[in-house]
Amino acid sequence: MAETRVIDPQAEVIEATPGAIARAAGLVRDGGLVAFPTETVYGLGADATNDDAVAAIFAAKERPTFNPLIVHCADRDQAERYVAFNDQARLLADTFWPGPLTLVLPRKAEGGISLLVSAGLDTLAVRVPDSPIAQALIRTAERPLAAPSANKSGEISTTVAMHVAHSLPKAGVLVLDGGRCRLGLESTVVDVTGDTPVLLRPGGVPEEVLAALVGPLGRPGNGSAPRSPGMLKRHYAPSIPIRLNAEGGRKGEALLAFGPNAPRRALNLSRKGDLQEAAANLFAMLRLLDQPGIGCIAVMPIPDQGLGRAINDRLRRAATPPDGADRPPAWNGEQRDDWNDERGPAVPCTPLPDVEQD
Ligand code: TXA
Ligand code: MG
């Protein structure tokens with residue numbers, strides 16, 4: 001029998017026996033949250049194809065912004081359903097998977113992964129964890145798992161189950177206890193969408209080891225990199241203008257509504273005013289309205305609390321595109337401090353210079 005320790009009425013830590021993994025897999029299929037060990041750090045996982053479940057991850061982390069998440073797969077074949085591999089990506093995957101390497105690749109539209117996972121981007125981060133528990137969970141759930149590190153926003157990643165329960169006591173998450181993570185350091189994140197792989201985050205696979213296989217890695221903003229950070233489409237923005245805090249739509253505009261007091265015909269992020277539902281719908285609805293013939297997307301006010309803060313952060317940035325004349329300070333050089341992967345060329349890669357606070 002698995003031993004269960006109740007830390008808080010809403011956070012349950014359970015030894016990762018086959019029975020517990022089966023229960024956790026059922027929870028994932030039902031849209032729930034499961035924290036699970038990987039060889040790097042604990043992940044806070046949910047069905048990556050379920051918008052609402054993915055929104056629940058952001059709510060649990062209490063993150064004020066939407067940072068794109070890694071999709072955890074059982075093997076390369078599964079990952080190939082969601083992203084388009086090139087030769088270099090295949091070489092890296094076949095050499096380092098399962099293991100602590102995350103590859104950023106073009107998203108396949110037909111893959112069925114929630115747009116919220118990659119915050120509306122046209123790329124997706126994928127990784128195959130080398131942990132029997134993570135593997136068993138993904139295979140039993142028969143779902144790709146979107147999973148950031150299992151810690152509250154602003155805290156460090158967790159490497160033992162108890163720390164997950166302490167960091168996320170109110171998240172209503174089931175924590176599979178698999179002991180201490182072998183590496184205790186996050187995966188290395190590499191963007192393989194261009195000709196030269198770009199190191200986005202140092203981590204478990206040392207840069208030298210990667211370079212021995214594929215040559216020197218570029219840095220975001222470095223001349224050898226395929227794109228400068230400003231050109232990396234990290235922040236999805238519709239191609240048409242956005243007007244925020246709109247009480248209603250004007251001529252030529254499409255209204256993106258929120259709450260019960262909105263015109264019936266408008267697309268509504270959440271008619272019942274539920275911020276998690278709104279987060280789940282945000283990117284899909286923005287894309288739906290991003291069409292020729294629509295002059296502007298007018299968005300009704302979203303309460304600036306809980307997940308509403310992340311929604312507003314994203315809407316504000318979408319309303320001011322990076323190449324706009326009057327970009328806000330947050331856009332200058334994209335040096336946002338919540339982008340932990342932007343460490344620049346001067347930072348040594350192993351060991352990690354500081355802890356990730358995502
Ligand atoms: O070891 C790990 O990677 C752990 C375990 C749970 O797998 N996960 C983890 O996830 O550290 P998270 O969400 O804390 O960090 C993911 C990193 C972030 O730096 C994020 O910006 C980057 O991956 N990332 C995810 N998708 C991306 C994308 N499409 N483009 C660029 N960066 C991306
Ligand atoms: Mg993190």
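Quick look at the values:
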{"quantity": "Amide hydrogen neighbours beyond the local backbone of Ala48, cut-off 5 Å, H modeled", "calculated": "Leu145, Ala146"}
{"quantity": "Ordering of 144-155, 258-269 by packing [mean C-beta count within 10 Å, highest first]", "calculated": "144-155, 258-269"}
{"quantity": "Net charge of neighbours whose Cβ lies under 9 Å from the Cβ of Arg182, counting Lys and Arg as +1 and Asp and Glu as -1", "calculated": "-1"}
{"quantity": "The stretch 1-157: relative contact order as a whole-number percent, Cα under 8 Å and 6+ apart", "calculated": "32"}
{"quantity": "The stretch 242-321 - convex hull of the alpha-carbon atoms, volume per residue in Å³", "calculated": "81"}
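Rule-based calculations on the coordinates, nothing more; no lab input. Since we're looking at a predicted model, the values are computed, not measured. Neighbour counts run over all protein chains shown; Cβ positions are idealised from the backbone, glycine included.
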